[in-house]
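The values are calculated or read from the model by the stated rules, or taken from the named source; none is laboratory data. In this text, all values refer to a predicted model and were calculated from it rather than measured experimentally. Cβ placement follows ideal geometry from the backbone for every residue including glycine, while neighbour counts extend to all protein chains displayed. These accessible areas exclude ligands, DNA and RNA; they are computed on the full protein's heavy atoms, side chains included. Shrake-Rupley method; radii C 1.70, N 1.55, O 1.52, S 1.80 Å.
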Amino acid sequence: MTSGTTILKSAMVLSSDGLFLRKDIRISDGVVSGISESIDNESGAVVYDCSSFFVVPGFVDLHVHLREPGQEAKETIATGTAAAARGGFTTVCAMPNLNPVPDSLGNLQLELQAIEKDASVKVLPYASITKGRRGQGEIVDMQALMPYVAGFSDDGCGVQAPDDMRAAMVEAARCGCRIMAHCEVESLLRGGYINAGRYCRTHGHKGISNKSEWAQVRRDCKLAAETGASYHVCHVSTRQSVSFIRRAKARGAKVTAETCPHYLLLTDNDLREEGRYKMNPPLRSEKDRKALLRGLEDGTIDCIATDHAPHTEEEKSRGLAGSAMGIVGLETAFPLLYTEFVLTGRWSLPFLIEKMSLAPRRILGLDEGLEEGSAADITVLDLEPEYEIDPSQFLSKGRSTPFDGWTVRGRVAMTFVDGKLVYKYE
C-alpha cells in the first residue's frame, strides 16, 4: 500500500515525548517524509486541513477474529479490515480460529492469499500452537511458520497439559517467536458461560470461575520464566491474573498482557438476558474491573486489545445460555475509552494512545512514533463529535455489542496505511 504525496496541515501531532504539538506532516510514497511547523504545499499533493484534528500513530490491535477462511458468514478479511480502518486501526493481528486451522504452511497460505487480496489495513496472522488448535498434542512447526506470522496462539482454548505448553515455550524461545495465550482450564468450566457471581446465582445460570483463567496464567508465567520464552496473556479479566503477571514481570520474565474495553467498562452487574453480553472470558466483578484498571495504569497490563469476535445475528439471538461467545469492538474501542476515561480525567489522551498504539507496536517490533522515515500508518482523530453507538452502521458483519445506544465523544476522521487513505469519515 503506497501513495504519492499527502500533506496533513496544522494538526495536533503526538510527539516522541508524549506532547501534542501543532505540526504539518508530509507523506511521500508510503512513509512520513517530513514533520515541521510549516510544510509548503506541493504541486500534485493531496492536502487535508487537520487544524481541528489530533494525529497519532495508527492503532494496533493484537487480538481480532476475521473468520476467513471458513466462517465468512460471520466476517471476512474485507469487512473486518474495513471495520478496523473505521476504528483507526492500521495493523491487526488475526487469531487462528479458522477452517482450515493455520497450523501448516499450506493451510496458512489460504489466509495469506485472502489478506493479500482483500485487506485494507495490515493483517498479521497468528498460527496455532497445537495441530488442529486442539489445545493439546503435537506442537506446530514454529520454525517453518514464524516468517509469516506474528506469533502462535490456540485462542478459544487454553493449552491444557503443562508438558505441551512447556514444549511450545521451549520451541518459541529457540525460534525467537511469541506465544499468545488464551488461558482457560477446561476441567474447571463445568458448562459455565457467564461469571460465577451474584447475577449467575440469582438467575439460575452456570458460572465460570476466576480460577479457570488465573490457574493457567500462574502456570504459564512460571513456565515463561523457566524457558525464557516471550509470552503474552490474552484478554485478561481477573484480579488474580493481574497479580500473577505483576509478579512474573518483577522476576524478569518476558511476559506481556492485554485486556479489553468491555472488561474495563462493564461488570457482571451489567448483564442482561441477551447474547450481546456474552463473551469469553465473561464479564467479571467490580473488584476485577478495578484491578484491571490498576494493572493497566501501573504497566502490569501492557495494552488494550478488542478481541473483536463477530458472529451472525442468529448465533447471538439465543440469550445468555445459548448464544455464541463473542462481541465486536473495532469500531467502538476508541470512542468508548476516550469518553469514559479521558474525558472524565482519569487518563490523559497520550496514555490512551500508549495503550492502543505504542505499547502493541513495541510488542510487535513496529515503528512506534511518527518520525521521518517511519511507515505512514496514521490515525486522525476528531475529538468533538458526540453521538450514539449504532451497530446498524458498523462496517463489520458483526452487530453484537453491549454498548448499543451508549453516548460517546470522539471519532476517527481518517486512517492512513502506508500513506494510503483507507478510511475517511463522511
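Within segment 280-335, count every residue that is of a type in the set (Gly, Ala, Ser), open to solvent by 40 Å² or more (accessible area, probe 1.4 Å) and not in a loop (DSSP other than H, G, I, E, B).
Qualifying residue count, segment 280-335: 1.
Please return the ranges of strands (runs of 3 or more DSSP E) entirely within segment 1-82 where 1 or more residues are among the hydrophobic types (A, V, I, L, M, F, W, C) and under 30 Å from residue 94 (Cα atoms).
The strands (runs of 3 or more DSSP E) meeting that bar are 5-14, 20-28, 31-36, 54-57, 59-64.
If you go through segment 190-199 one residue at a time, do you hit one that is in contact with a strand residue (DSSP E or B) (Cβ under 9 Å, 6 or more places away or on another chain), without any contact (Cβ under 8 Å) to a residue 60 or more places away in the chain, outside any strand (DSSP E or B) and open to solvent by 60 Å² or more (accessible area, probe 1.4 Å)?
Yes, because at least one residue in segment 190-199 is in contact with a strand residue (DSSP E or B) (Cβ under 9 Å, 6 or more places away or on another chain), without any contact (Cβ under 8 Å) to a residue 60 or more places away in the chain, outside any strand (DSSP E or B) and open to solvent by 60 Å² or more (accessible area, probe 1.4 Å).
Write out, first by first residue and then by second, each pair whose Cβ atoms fall under 7 Å of each other, whose residues are 6+ apart or on separate chains, and whose first residue, in segment 27-46, is β-branched (Val, Ile, Thr) while the second is modelled with pLDDT under 95 and open to solvent by 80 Å² or more (accessible area, probe 1.4 Å).
32/371; 32/372; 35/372
Condition first: in a loop (DSSP other than H, G, I, E, B) and at pLDDT 95 or above. Can you find one or more residues in segment 214-221 that meet it?
So far as segment 214-221 goes, no, none of its residues is in a loop (DSSP other than H, G, I, E, B) and at pLDDT 95 or above.
Does residue 265 satisfy the criteria of being at negative phi, open to solvent by 10 Å² or more (accessible area, probe 1.4 Å) and in contact with a strand residue (DSSP E or B) (Cβ under 8 Å, 6 or more places away or on another chain)?
Judged against the criteria, residue 265 is not a match.
Filter segment 340-354 down to residues that are outside any loop (DSSP other than H, G, I, E, B) and among the β-branched types (Val, Ile, Thr) and give me whichever is nearest to residue 388 (Cα to Cα).
Looking at the filtered set, the residue picked out is 342.
Does residue 172 fit the bill of being under 20 Å from the mean Cα position of the chain (by Cα), buried (at least 22 other Cβ atoms within 10 Å of the Cβ) and of a type outside the set (S, T, N, Q)?
Taking the combined requirement at face value, the residue does not satisfy it.
Pairs under 7 Å by beta carbon, first residue crowded, with 20+ Cβ neighbours inside 10 Å in segment 142-156, partner basic (Lys, Arg), six or more apart or different chains?
151/178; 154/133
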